[in-house]
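Notes follow the structure.
The values are calculated or read from the model by the stated rules, or taken from the named source; none is laboratory data. All values derive from a computational prediction rather than experimental measurement. Note that we place each Cβ from the backbone using ideal geometry, even for glycine, and neighbour counts take in every protein chain shown. For accessibility, only protein heavy atoms count, side chains too; no ligands or nucleic acids. Shrake-Rupley method; radii C 1.70, N 1.55, O 1.52, S 1.80 Å.
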Amino acid sequence: MSAVSCAKSKQQHSANYDLVVSQLLAQMTISEKIGQMSQVNGAEGSIPDDFAAAIRDGKIGSVINEVDVTTVNELQRIATKESRLGIPLLIGRDVIHGFKTIFPIPLGQAASWSPDVIEQGARIAALEASTVGINWTFAPMIDISRDPRWGRIAESLGEDPYLCSTLGTAMVKGFQGNKLNELGSIASCAKHFAGYGASESGRDYHTVNIPENELRNVYLPPFKAAAEAGVATFMAAFSDLNGVPASGNKWLMNDILRDEWDYNGLLVSDWDSIKQLSTHGFTEDDKQAALMAIDAGIDMEMASPTYRDHSESLIAEGKIDIAHIDQMVARILTLKYQLGLFENPYTCAEQLPNIVNEQHLNSAKDAAIKSCVLLQNHNNTLPLSTANINSLAVIGPLADDGYEQLGTWVFDGEEQHSQTCLQAIKKHVGDDVLVNYAKALDNTRTDNIEQINDAVALAAKSDVAVLFVGEEAILSGEAHCRSNIDLPGKQQYLIDELAKTGTPIIAVIMAGRPLTLAKVIEKVDSILYAWHPGSMGGPAIADLLFGNAVPSGKLPVTFPRTVGQIPLYYAQKHGGRPVSDDSYVHMNDIPMRAPQTSLGMSASHLDTHFTPQFPFGFGLSYSKFSYTDLELSAAEINFNQTLTITCQLTNIGDVASDEIAQLYIRDLVGSVTRPVKELKRFKRVHLLAGESKQVSFELCAQDLTFYDRDMKLNAEPGKFQLWVGGDSNASLCADFHLLANN
Ligand code: NOJ
């Protein structure tokens, strides 16, 4: 391969590329245009002759999954020096929660409720990915996810449109930096447009039906926010939406994304999703699939070759207008200009920070600390103190597994950079505490219980047992959905046996989704939900266990008691017969032969309580907080006024801690029924023990808008309720009115 020379850094340059793009377009043949619209898979560090020839002939616009920097530079050299027009390549890769330094899975990062944590994680991922020449990542995934059976909930930012919008835009900012052409910035991608998270029964790729009003009020807001934040690209979902697969959905891609939102970035298909239009039964063959996708405005085809194979004849037959193709190619070329690739397509890793450097690892640790959610802490079992214990049993299949703690969608992360919990705990306690380790189960799924007795014996002779259970990374993520979300395998049996010892048990749960924990909470003292915490999961969790750090994460998604409650989310509708403590009836309370009307006649299941196991926004600390003195700047606001909401937040415990203060509203009467609560603001506040701070939030009419029956975005005058507190069950409440516009 030929040597390349790297310029010192990418140059700043003008943001308007219309002229250069149109000049370049004017020189392009149809074949070169179609080439730009094609993304192909890399050849794992090699460049076969036909691959090089295709680039030379201008038949490839983007390469996905090539991470060898020498190869990437050579691909860029061939594209820019040996093709007729010298157009550089977009180099795409799924950099989802870190490149080499792995951060917690996105759902875990979302539990930090910290845009700063998310932005920093994405920044570091971009810097590291840039070292191998990646200039485009396929993140953030901002599909609203309300079904924990769906494996891809792990990649999501949770169930709530506002939280997801806020964190999703932070991630875009982190990847893209201030400018795309700055060293270490990469293009990001809002995916999967749209509704993919609502696949029926949480089965990946499955059909999606979402009424337009719900689509606009719940599923589209994070995408709109990303578009407004300048996300460089969008990706079409695999799924169909109300009968029309996303990759051929002109209404979604053109009418909403382009026309309504005025989005002019690059729109890419998902892997083979254009070809799959025929698998859906939406098109007859590849040629019709290409036609539908082009017509919908999908600029670039990922993986499958329908554009390459059929676009020219579709143009020749007059089925596609070349002006439409020009618009699509223009968007691709514009991104290449924005990234500065025409000036310097090459990568010099030496100009970027080292991968997995100390600062990156510290940030990953900070993110893991802030992502862990303390779900239960009976008798203040946590934090542990080395002064109070002599021996500690560390038990479980995930205690010492540097690979599994990384989580799903880790193409480039390496186990060698992981620090495990067992390692970190041993380091933390040194010689002060005897650490007894037993894996107990070979993995989370095994039915082999041979090692359990030894583990139980170890727990019995230890002062405390810390149990690391959950799911391996591969049990969540794309195409890894579950119908039963209890702890898999014999882990519950392990817990039940350990509980018999009487030794206090702390369960640290690593998983890619909310698990149903009803049987766990009865048997253990404390539960720390760590998601898949990434490279620095070990030290982060050790700090939390021993009180060097205080848990502050809050759930970005509701935890159901049982899988039958799904979908279960806090922002549900009130309904005409809502359930309450007064109306709820459990089947065991119903007398035999009771008449039909003796039931509560409300929206609930007979065999499980109507509340979730843990509500959205919930998370304990080693401290406690009180919310008092809620005040509103006015009892009424008009459409031009701002409402200021203040309350006093006090740390009434005895350790300094962060608390995430949350503001919810309810629009009591709407032309379309409104959710019982909607998150509108949140703030992470640090408070010393005993410290009190005033927390204030601002709302205006814009924050009260929703899509009405005519799909118009409006705020409707009337009465609103508002709550401030530490989770979605917040009870400190006030009312205000939005006055009609005169
Ligand atoms: C399929 C996934 O749905 C998408 O999220 C990902 O970016 C592409 N494959 C590329 O790997």
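Before moving on, here are some points about what is shown:
- Equivalent ellipsoid semi-axes, the chain, via Cα gyration tensor eigenvalues times 5, rooted, Å: 44, 33, 25
- Overall size of segment 372-545 from C-alpha positions, given as principal axis extents largest first: 44, 32, 29 Å.
- Cα long-axis angle, helix 115-130 against the chain (0 to 90 degrees, to the nearest 10): 40 degrees
- Distance (nanometres) between label positions extended 7 Å along Cα→Cβ at ALA349 and GLN416: 1.1 nm
- Once all protein chains are placed together, ASP116 keeps about 120 Å² accessible to a 1.4 angstrom probe.
- Segment HIS737-ASP116, length gained on full extension (0.36 nm per residue, minus Cα span): 220.2 nm
- Unit charges at the beta carbon, dipole of segment 625-738: most positive-side option, PRO675, VAL724, GLY653: PRO675
- Highest-first arrangement of 208-221, 152-165, where packing means the average Cβ count within 10 Å: 152-165, 208-221
- Short-range pairs are left out: with C-alpha atoms under 8 Å and at least six residues apart, the relative contact order of the chain is 13 percent.
- Other residues whose C-beta falls under 14 angstrom from the C-beta of GLY202 contribute a net charge of -1, scoring Lys and Arg +1 and Asp and Glu -1.
- Scoring 46-55, 226-235 by mean Cβ neighbours within 10 Å over their residues and listing the highest first yields 226-235, 46-55.
- Which of ALA364, ALA701, ASN344, positive extreme of dipole for the chain (C-beta unit charges): ALA701
- Heavy-atom accessible area with a 1.4 Å probe sorts HIS192, HIS609, largest first, into HIS609, HIS192.
- Overall, the chain carries a charge dipole of about 780 debye about its Cα centre when +1 sits on the Cβ of Lys and Arg and -1 on the Cβ of Asp and Glu, all other atoms neutral.
- Extreme residue, positive dipole direction of the chain, given options LEU599, ALA393, PHE175 (C-beta unit charges): LEU599
- Rg to Rh, two decimals, where segment 625-738 supplies the alpha carbon set and Rh follows Kirkwood: 1.03
- Charge context of ALA507, other residues only, Cβ under 14 angstrom, K/R +1, D/E -1: -4
- Rounded accessible area of ARG123 (nearest 10 Å², 1.4 Å probe): 60 Å²
- Heavy atoms of LYS719 accessible to a 1.4 Å probe, total area in Å² rounded to 10: 90 Å²
- Each Lys and Arg adds +1 at its Cβ and each Asp and Glu adds -1 at its Cβ; summed about the Cα centre, segment 17-351 shows a dipole of about 460 debye.
- Residues of type lysines that LYS319 reaches as a straight line, Cα spacing below 27 Å, ignoring anything fewer than 8 places off in the same chain: LYS33, LYS59, LYS250, LYS275, LYS287
- Cα-based shape type of segment 505-656, given that a ≥ b ≥ c are square roots of the gyration tensor eigenvalues and the cut on a/c is 1.5: oblate
- Multiplying the residue separation of TRP251 and GLU522 by 0.36 nm and removing their Cα-Cα distance gives an extension gain of 92.6 nm.
- Span per principal axis, largest first, for the Cα atoms of segment 346-440 (Å): 57, 28, 26
- The sum of -39500 (n - 2.57) across all DSSP H runs of n ≥ 4, divided by the residue count of the chain, sets its helix-only mean residue ellipticity at 222 nm to -7000 deg cm²/dmol.
- A 1.4 Å probe over all protein chains sorts THR446, THR420 by accessible area into THR446, THR420, starting with the largest.
- Alpha carbon convex hull of segment 17-351, projected area averaged over orientations, nm²: 15.4 nm²
- Placing VAL67, VAL394, VAL356 in order of accessible area, with the largest value first and a 1.4 Å probe, yields VAL67, VAL356, VAL394.
- Taking Cα centre as origin and charging only the Cβ of basic (Lys, Arg, +1) and acidic (Asp, Glu, -1) residues, the dipole magnitude of segment 421-574 rounds to 500 debye.
- Three-way shape call for segment 169-304 based on the alpha-carbon gyration tensor, with the a/c threshold at 1.5: prolate
- Each peptide in 644-654, 428-438, 259-269, 551-561 was scored by the mean count of other Cβ atoms within 10 Å over its residues; highest first, the order is 551-561, 259-269, 644-654, 428-438.
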